[in-house]
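Some notes on the structure that comes next.
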Amino acid sequence: MSKKTKKAAAMLATGSLLCSALGMYGTASASAAEDDVSYILHDTFESGSDDWSGRGSASAERSDSSPFKGEGCLLVGSRASSWNGAQKELGSIVSAGKEYSFSVCVQAMSGKPQMMLSLQYNTADGKTEYGHIAQGKAEAGSYLQLAETNYAIPEGASDFVLYVETESGTDSFCVDEVVIAEAGTVIKEKAPGKMILGDINSDGIINSFDVAAARSGLVSGFTDKNQKKAADVDRDTEFAMADVVLISEFVHGKINEFPDNSPEVPSVSGGTYTKEELLDHINSTLVNNEPMDSRTEKPGVDYGTIKKSKYFSKKANKEKPYNILLPANYDPNKKYPVLYLLHGFFENEDRMMTQPNMYTRQIIGNAIAEGEAKEMIVVVPFIFTSSTLDNAKDFGDAASNEGYENFVDDIVDSLMPHIEENYSVATGRENTAVTGFSMGGRESLQIGMKYPDKFGYVGAICPAPGVVGSFKWSSPEEEPYFLMITGGDNDNVVTPFPSNYHDNFTKNGVPHVWQYIKGGAHGDNSIHPAVYNFVRAIFQVAT
């Protein structure tokens with residue numbers, strides 16, 4: 001009999017307590033306390049794109065990187081113009097000459113753009129017209145509701161397309177909770193609050209409705225991970241009958257707090273290979289293309305949480321942004337190794353993590369879930385570091401190149417101390433990795449050679465020209481535990497430099513993996529397999 005079963009059996013022995021937990025509330029549910037509102041359309045992006053698509057050059061794909069509610073949202077990127085956004089053809093959902101209530105929740109991935117919910121339609125004489133339903137200024141990291149309770153669709157209009165755009169700029173944004181309702185309907189949108197143990201329906205109080213919700217969850221299971229977490233009131237990672245009983249006891253005043261049966265959680269750093277064994281293992285398992293299911297979100301797998309934040313750069317004398325991926329069930333009592341993942345020239349902190357079709361979160365999450373990679377924190381900073389420029393100007397511009405070179409020191413002087421202060425990080429070179437694409441790959445090699453005491457795992461994906469140094473370390477002890485260089489035979493941007501770097505390390509007797517991707521171009525089809533292989537190698541050497 002398991003610990004949970006024994007505990008439940010003991011509590012069931014009280015008899016009347018079970019009756020109060022399961023019987024006295026009848027068929028009440030968590031939804032009983034909510035308004036019963038009927039919507040004409042309600043797109044939540046929980047299982048797909050809900051027939052939304054990119055407008056103009058934009059891409060629009062379902063993502064679970066930053067939802068407003070539930071597990072999914074629509075991530076819109078690759079925008080070449082402000083009108084390039086997300087759109088949905090409404091067909092017969094709405095009719096000409098009628099009024100409707102519209103609402104959408106939007107989140108900017110950077111900046112403070114003016115967001116607009118708009119409607120495209122054709123007039124009776126065949127002209128295409130555009131009407132703005134609602135607009136407002138968004139801020140990165142938080143959702144904004146755009147709503148209008150009485151928007152009139154012109155008489156004779158047809159071919160309706162609902163779309164979200166920005167007044168200016170081309171930054172990525174997220175869309176969630178798209179609603180069309182009868183005219184006059186006030187659609188109140190409120191982001192889920194902080195999870196409270198026992199408050200399964202997230203209404204801010206623990207009462208009989210939560211007991212009923214627990215009962216329902218015991219029978220049918222929970223589809224919402226936050227509900228499941230709130231229901232596991234004893235925090236032993238398993239929701240069962242004993243949790244239902246505890247919630248009932250709390251509601252009846254028999255207890256005033258829940259017990260903490262959280263399992264002990266050790267640090268997650270440390271590996272089992274020697275350097276030589278790891279090199280042989282990765283060479284023997286190296287893939288040219290990552291398996292398709294490695295970038296697919298699978299049922300039952302938690303892919304962690306992406307957050308955007310800023311750190312103060314001493315080199316630039318200003319704050320700089322970064323994205324951070326915290327692993328599934330991130331626990332501040334653990335110490336996690338850290339991977340720093342760097343973007344290329346003219347790119348930013350979104351390129352390697354939140355840009356559509358990037359799949360970094362999925363590739364790493366699946367590797368961890370399958371036991372093929374260590375749990376890790378992934379930091380994707382904006383690497384351009386200049387006190388005079390906000391971004392690079394040109395490939396040949398000296399100040400632009402200096403802005404990238406400055407990051408070689410900025411990562412150690414400013415970014416790493418910030419991450420270690422604000423997150424639960426396992427420090428030391430054995431717990432720290434760096435890799436990057438193009439210019440980021442060049443910087444990764446420079447960082448690894450300049451700071452061997454800080455970085456034990458180093459990678460470079462299609463690295464740009466400009467790496468300087470001896471291409472060796474002063475001793476085998478200073479060499480990385482693992483070094484990997486990726487090049488593509490269809491890369492017409494940085495060829496032949498990745499191969500040259502590989503040759504230089506080979507001539508100097510530095511052990512490393514050379515991944516030469518057949519068909520690999522200077523882009524995603526080289527980045528994906530590089531990340532797939534690299535995350536399976538890092539933090540795996542026993543120290």
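Values quoted throughout were computed directly from the atomic coordinates according to the rules given, and no laboratory measurement underlies them. Since this is a predicted model, take the numbers as computed values, not measurements. Note that we place each Cβ from the backbone using ideal geometry, even for glycine, and neighbour counts take in every protein chain shown.
Using Cβ point charges alone (K and R +1, D and E -1), the dipole size of the chain about the Cα centre works out to roughly 880 debye. What shape does the chain take by its C-alpha gyration tensor, where a ≥ b ≥ c are the square roots of the eigenvalues and a/c under 1.5 counts as rounded, a/b above b/c as prolate, and the rest as oblate? Oblate, since a/c reaches 1.5 and b/c is not below a/b.
When both region 142-168 and region 505-543 are represented by their alpha-carbon centers, they are found 47 Å apart.
Computed over region 170-326, relative contact order equals 12 percent, with contacts defined as Cα pairs under 8 Å that lie 6+ residues apart. Applying a DSSP loop filter and a limit of 15 other Cβ atoms within 10 Å to the GluC sites (Glu not before Pro) in region 417-489 leaves Glu477, Glu478.
Database remark: amide H of Tyr336 closer than 5 angstrom to the amide H of Val425, Ala426 (H placed geometrically; neighbours at sequence offset of 5 or more, or on other chains; Pro and chain starts carry no H).
Quick one: dipole size for region 50-123, taken about the Cα centre, charges +1 on Lys/Arg Cβ and -1 on Asp/Glu Cβ, in debye to the nearest 20.
Values: 7 positive and 7 negative charges, 52 e Å.
In debye, rounded to 20, region 50-123 gives about 260.
Given region 275-535, what percent of its DSSP beta bridges are antiparallel, to the nearest 5?
Values: 13 of 35 bridges.
Approximately 35 percent, going by the DSSP bridge assignments.
Calculated FRET efficiency, Phe312 and Phe395, Cβ-Cβ r, R0 30 Å, to nearest 0.05? Display every interim value, and only then the final one.
Numbers: r = 28 Å, r/R0 = 0.94.
That gives a FRET efficiency of 0.60.
Helical runs (DSSP H, four residues minimum) scored at -39500 (n - 2.57) apiece and divided by the length of the chain put the mean residue ellipticity at 222 nm at -6500 deg cm²/dmol.
Based on Cα contacts under 8 Å between residues 6+ apart, the chain shows a relative contact order of 12 percent. Distance from the alpha carbon centroid of region 205-241 to that of region 100-125 works out to 37 angstrom.
Simple rule: put +1 on each Lys or Arg Cβ and -1 on each Asp or Glu Cβ in region 275-535, find the dipole, and look at Asn357, Pro452, Ala367; the Cα lying farthest toward the positive end is Asn357.
Region 427-451 and region 365-386 have Cα centres lying 13 Å from one another.
For region 240-310, which trypsin sites (Lys or Arg not before Pro) are in a loop by DSSP, counting at most 14 other Cβ atoms within 10 Å? Numbers along the way, then the final one.
Working: sites: Lys254, Lys275, Arg295, Lys307, Lys308, Lys310; in loops: Lys254.
Taking region 240-310 and a limit of 14 other Cβ atoms within 10 Å, the loop trypsin sites (Lys or Arg not before Pro) found are Lys254.
For region 318-409, run through the GluC sites (Glu not before Pro) and keep only the ones in DSSP coil with at most 16 other Cβ atoms within 10 Å of their Cβ.
Values: sites: Glu319, Glu347, Glu349, Glu370, Glu372, Glu375, Glu402, Glu405; in loops: Glu347, Glu349, Glu370, Glu372, Glu375.
Those that pass, being in a loop and sparsely packed, are Glu370, Glu372.
Rounded to the nearest 20, the Cβ-based charge dipole of region 41-182 about its Cα centre (Lys and Arg +1, Asp and Glu -1) stands at 340 debye.
Take every DSSP beta bridge whose two residues both sit in the chain, then give the antiparallel share in percent to the nearest 5.
Numbers: 62 of 85 bridges.
Roughly 75 percent of the DSSP beta bridges within the chain come out antiparallel.
Please state the shape class of region 248-407: rounded when a/c is under 1.5, otherwise prolate if a/b exceeds b/c and oblate if not, all from the C-alpha gyration tensor. Taking the square roots of the gyration eigenvalues as a ≥ b ≥ c, region 248-407 is oblate.
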